[in-house]
Amino acid sequence: MSLVEIENLTIRFGGRPALSGLSLAIARGERFGIVGESGSGKSLTALAITGLLPDAAEATGVIRFDGKLLPTDERAMAALRGHRIGIVFQEPMTALNPLMRVGAQIDEALDLADSSTREVAALLQEVGLDSSHAIRFPHQLSGGQRQRVMIAMALASDPDLIIADEPTSALDVITQRRVLDLIAEICDRRQMTLIFISHDMRAVAALCNRVAVLKAGELVETVPTEDVLRRPKAAYTQALVDATQMAPRANHDLSDQDLLLSVEGVTRAYSRNGLFSRRQPPLMAVNDVSFDVTRGEVLALVGPSGCGKTTLARVIAGLDSATSGTMTIDSTPYHGADLPREKRGDISLVFQDPFGSFNPRLTIGKSLAEPLRLLPKLSPLDREQRLIEAIESVGLDASMLTRYPHEFSGGQRQRLAIARALVTRPRLVVLDEPVSALDVSVRGAVLDLLARLQSQFGLTYLIISHDLDMVAAMADRVMVMEAGRIVEAGSPKTLFADPRHSLTKALMAARLPDLV
Amino acid sequence: MTLYILRRLAGFLVTLLIAAAVIFLLLDLLPGDPARFILGINATPESVAALRLQMGLDDPAILRFGNWLLGMFRGDFGMSQTQKLPVADLIAARMAVTLPLTLFAMVVSIVIGLPLGILAAMHRGKPLDTILMVIAQAGVAVPNFWFGMLLTLLFAVILRWLPTGGFTPWHENPIAAFRGLLLPGLALALPQAAILARVMRTALVDVSTQDFIRTARAKGMTFGQAMWRHGVRNAFLPVLTILGLQFAFLIAGTIIVENVFFLPGLGRLIATAVTERDLVLVRSATIILVLAVSATMLIVDIAYGFVDPRLRERGA
């Protein structure tokens, strides 16, 4: 008998359907994946099963758990969640109460499940954390550790079903792989049913035996994982599988190009000494880093979270200053924030988060025009021309300049962020995780765009990422960074074929298996 | 945590010193000679000079500032020029009225305001929420002296339960003293309670959309349980700031209510001192208000540290 049965589930917001007529049956012990793009209704499905839909949602249809209809009484539904369903959410940063020790938060879940035998320490060990972490507060843990705490909490009631909603998309590659492996291992050991929700077909394939593909609130197909990969029936499923493949785009001939940027012995240290605190050695976020960037090159900087790659990018872009060392762009030496005003237009930045990087109260046109303050001599007509040129070059229409950020999808916003980086006609564009906040299905298109713009405008890219597949597809040269130092460098082909440093090896091992 | 408290304490002391210097300088720069003012316009230049010498007015400013600080440290705030009494005694007598009044008003506003705010937030969007917030809006808009007059009309004139005004000193009859403070305390508390209720509601509604509330529900709590166990403490952070500001406002801002109820409080003492140009008294009363307000902020900051583990660590 099925553990979860969904019949004709429709969820509307203000009359507009977000999920239409979904029917699914998930068998006991199954590892079931739900895959789709943002807005496909996959998270709503999870919230509906757990009775956690927002107040504004109107749901019709039938959901049965273990043969019984979901209770309508809030207390009974809460008790069902507390005893039989464990849930792991996407955002490890905000999903825990910041004012409470994590041990106490796990203990609370044990209490609610009326569990007398299991202990916090045992649960922490099961998710691979030392029991001493129980007395920590959430802000004292890394993203991966917090996600482990979330999993421990979900396991507290020894549930029949565990639902994981994009549990790893906020984590770096190595941590992501570890958390996925942990979920797989726990499901095996405890014979639990899993519902795994993701936009990444590869993550679903690595974990699940059956997968439902959702598109714009409708079920495309439900198939065993092997069939999805070997002979997908629906064209959309094929497209999702194809999106996990990244075709190589780089390989520029750089032999006769001259030097654009040179970085010499750059160090960024953060002092940890306070007014009353004891002397501590400074934190070396970037530690004696040197490299050259050739004009027209695509250089990638990879490493795990906290290795200093974003700090280095900020120093190069002039948002922060090096503690020691110098950089030279076009024979102008600088140390960071002292980058001369007339040179600032030569370096642009594109940030990871296309939602947070636009002021919601400014029109796109105003946001895009802001970097043009660096070029005060531009006439109003030229400014207008620049904006139109920039937005059209990223494949969007000039009429969109009067709209506001919330009217655009994540992929479109990232295109707009790229357009903003181009208005000053820069030479060097620093791209900090340019696609990691986007659905897998739109990443390819944004990367294609970046490759096209590069050859069209003769740009030089410095790409910061932890995604080896993207780097392998885009970069001419890769530098691997660990704890503020560059530990290995080379062309992606040779580097990934024969990794020498332990970090490069770990990054390679963390890659999810290819689908095709 | 010790480090956090030490830093706050250092900040508190520096604030006090700067405030003292500013108060001293401003009053020192004001035109007018206190000695001549005391002796009257008919005084001979010789007697004025003698008094200036006696009061130490001819010493360099830095010396007078130091003497003033040192005196206050020993509890000597100087003599009031108009009332010819030690300033410390005058202020202490008034504090015996103002401090209990303020504390009483704070307690009442917390007891009324916070539960109503929580109640409204738990029923957000429903009729009870709307009704409570309309009442709170009215409570914020209506000035406290008007509440005072209404309360007097009801409890003192019609029902005759309580006195219309005046104050019996604590040592003569503590019960009568407390009865004298009941109505003014309520009048002060009601607008503050309305503000607190609104702040508490807004903070709780903000918290209710946070991910960790959803996590708590996922663990098996109802919405109400999740809000009670995880929401209220998080929502308390902004409320704490408002509480501190309110206490500071009440201690210095009771003058209108004191006038309505004929209470011999600190506000009236300062008002009289200002109109009579009693500079010694003004200076000392001001520094005591600064002390009270800074001490409140210090307590709020330390309370913040206890509630929020992130602050203790940063020590910021």
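Run the dipole for the protein assembly as shown about the Cα centre, Lys and Arg Cβ at +1, Asp and Glu Cβ at -1, nothing else charged, and hand back the magnitude in debye, nearest 20. Each step should come with its number before you reach the end.
Working: 81 positive and 79 negative charges, 264 e Å.
Dipole about the Cα centre, nearest 20: 1280 debye.
With contacts defined as alpha carbon pairs under 8 Å and 6 or more residues apart, what's the relative contact order of chain A in percent?
15 percent
Tell me which residues come under 5 Å, amide H to amide H, from A:Val350 once H is placed; ignore anything under 5 positions away on its chain.
Under 5 Å from the amide H of A:Val350 lie the amide H atoms of A:Val430, A:Leu431, A:Asp432, each far enough along the sequence or on another chain.
Between A:Arg249 and A:His139, what is the spin-label point distance in nm, taking each point 7 Å from the Cα along the Cα→C-beta axis?
So the two model labels end up 3.9 nm from each other.
Please order B:Val293, B:Val111, A:Val179 by the number of other Cβ within 10 Å, starting at the fewest.
The fewest-first ordering by Cβ neighbours comes to B:Val111, B:Val293, A:Val179.
Using Cα positions and a limit of under 19 Å, work out the lysines in reach of A:Lys233, with same-chain residues fewer than 8 apart set aside.
By straight Cα distance, A:Lys233 reaches A:Lys215.
With runs of 4+ DSSP H residues as the only contributors, calculate the mean residue ellipticity of chain B at 222 nm using -39,500 (n - 2.57) per run, divided by the residue total and rounded to the nearest 500.
Working: 15 runs with 236 residues, N = 316.
One gets -24500 deg cm²/dmol as the mean residue ellipticity at 222 nm.
Fully extended, how many nm does the chain gain between A:Gln125 and A:Arg373 (0.36 nm per residue separation, minus their Cα-Cα distance)? If you can, show how the numbers build up before the last one.
Working: separation 248, 0.36 × 248 = 89.28 nm, distance 5.48 nm.
Extra length from A:Gln125 to A:Arg373 when fully extended: 83.8 nm.
Label A:Gln257 and A:Phe13 with points 7 Å out from Cα along Cα→Cβ: what is the distance between them in nm?
Here the answer is 4.3 nm between the modelled labels.
Using θ = phi - 60° and the Karplus form 6.51 cos²θ - 1.76 cosθ + 1.60, what ³J(HN,Hα) does each residue of the stretch A:359-373 get, whole Hz, x for Gly and Pro?
Karplus-based 3J(HN,Hα) across the stretch A:359-373 equals 5, x, 9, 9, 5, 4, x, 5, 4, 5, 7, 4, x, 5, 4 Hz.
Give me the percent relative contact order of chain B, please, defined on Cα pairs under 8 angstrom at least 6 residues apart. All intermediate terms of the calculation are to be shown ahead of the outcome.
On the way: 332 pairs, mean separation 85.1, N = 316.
Value for chain B: 27 percent.
Of B:Pro143, B:Leu237, B:Thr98, whose Cα points farthest to the positive end of the dipole of the stretch B:87-314 (charges on the beta-carbon: +1 Lys, Arg; -1 Asp, Glu; origin at the Cα centre)?
With unit charges placed on the Cβ atoms, the residue in question is B:Leu237.
Checking the a/c ratio against 1.5 first, then a/b against b/c, what shape does the Cα gyration tensor give for chain B?
Working: a/c = 3.15, a/b = 1.62, b/c = 1.94.
Because a/c hits 1.5 or more and a/b fails to exceed b/c, chain B counts as oblate.
What's the Cα-based Rg to Rh of the stretch A:117-250, Rh via Kirkwood?
Working: Rg = 17.1 Å, Rh = 16.5 Å.
Result: Rg/Rh = 1.03.
Test of understanding: extend the Cα→C-beta vector of A:Lys366 to 7 Å, then name every residue of the stretch A:390-409 with backbone N under 12 Å from that spot.
Once the point is set 7 Å along Cα→Cβ of A:Lys366, A:402-405 turn out to lie under 12 Å by backbone N, inside the stretch A:390-409.
Quick check: from the Cα gyration tensor, does chain A come out rounded (a/c under 1.5), prolate or oblate?
Here chain A falls in the prolate category.
Greater than 27 Å separation of Cα atoms is the criterion. Which listed pairs, A:Lys309/A:Lys366; A:Lys68/B:Lys126; A:Lys309/A:Lys505, meet it?
A:Lys309/A:Lys366; A:Lys68/B:Lys126
Contact order normalised by length for the stretch B:202-308, with contacts defined as Cα pairs under 8 Å and 6 or more residues apart; what percent is it?
Working: 63 pairs, mean separation 26.9, N = 107.
Value for the stretch B:202-308: 25 percent.
As a footprinting exposure proxy, order B:Arg7, A:Arg373 by other Cβ within 10 Å, with the fewest listed first. Write down the numbers at each step before the final one.
Working: B:Arg7 18, A:Arg373 12.
Ranked by crowding around the Cβ, least crowded first: A:Arg373, B:Arg7.
Between B:Leu25 and B:Glu276, what's the calculated FRET efficiency when r is the beta-carbon distance and R0 is 22 Å? Round to 0.05.
For R0 = 22 Å, the calculated efficiency reads 0.50.
Grab the DSSP H runs of chain A that are 4 residues or longer, score each as -39,500 (n - 2.57), total them, divide by all residues and round the 222 nm result to the nearest 500 deg cm²/dmol. Don't skip to the end; give the middle numbers.
Working: 18 runs with 176 residues, N = 516.
Mean residue ellipticity, 222 nm, calculated: -10000 deg cm²/dmol.
Would you please give the FRET efficiency between A:Asp498 and A:Ala337, computed as 1/(1 + (r/R0)^6) with r the Cβ-Cβ distance and R0 = 25 Å, to the nearest 0.05? Don't skip to the answer; put the middle values down first.
Values: r = 39 Å, r/R0 = 1.58.
My answer for the efficiency is 0.05.
Zone of A:Gln385 (label point 7 Å along Cα→Cβ, backbone N under 18 Å): which residues in the stretch A:432-463?
A:457
Quick one: which residues, 5 or more positions from A:Arg268 or on another chain, have an amide H under 5 Å from its amide H? H modelled 1.01 Å from N in the peptide plane, none for Pro or chain starts.
A:Ala285, A:Val286, A:Asn287, A:Asp288, A:Thr323
Determine, for A:Glu30, B:Glu276, the number of other Cβ atoms within 10 Å of each Cβ, and report the residues in order from fewest to most. Before the final figure, lay out the partial values.
Numbers: A:Glu30 20, B:Glu276 15.
Going from least to most buried by this count: B:Glu276, A:Glu30.
Each residue of the stretch A:374-386 in turn: what ³J(HN,Hα) in whole Hz from Karplus with 6.51, -1.76, 1.60 and θ = phi - 60°, glycine and Pro shown as x?
Going residue by residue, I get 6, 10, x, 7, 5, 6, x, 5, 5, 4, 4, 4, 4 Hz, with x marking Gly and Pro.
Return the long-range amide H neighbours of A:Ile163 (sequence gap of 5 or more, or a different chain), with a cut-off of under 5 Å between placed amide H atoms.
A:Gly86, A:Ile87, A:Val88, A:Ile195
Taking each residue in B:226-233, count the Cβ atoms of any other chain within 10 Å of its Cβ, then average. What number comes out? Can you show the working numbers first?
On the way: counts 2, 0, 0, 3, 7, 1, 0, 4.
For peptide B:226-233, the averaged partner shielding equals 2.
So if we plug the beta-carbon distance of A:Ser399 and A:Gln191 into 1/(1 + (r/R0)^6) with R0 = 56 Å, what FRET efficiency do we get, rounded to 0.05?
Working: r = 56 Å, r/R0 = 1.01.
Efficiency for this residue pair is about 0.50.
Zone of B:Asn67 (label point 7 Å along Cα→Cβ, backbone N under 17 Å): which residues in the stretch B:43-60?
Correct set: B:48-60.
Could you go through the stretch A:184-196 in sequence order and give the Karplus-derived ³J(HN,Hα) for each residue, using 6.51 cos²θ - 1.76 cosθ + 1.60 with θ = phi - 60°, rounded to whole Hz, and x for Gly and Pro?
So the J values, rounded to whole Hz, are 4, 5, 5, 4, 4, 5, 9, 6, 8, 7, 10, 10, 10.
Taken together, the values in this text are just the output of simple stated rules run on the coordinates, not laboratory data. Computed from a prediction, not measured in an experiment: that's the story for all the values here. Cβ atoms come from the backbone with ideal geometry, glycine included; neighbour counts cover every protein chain shown.
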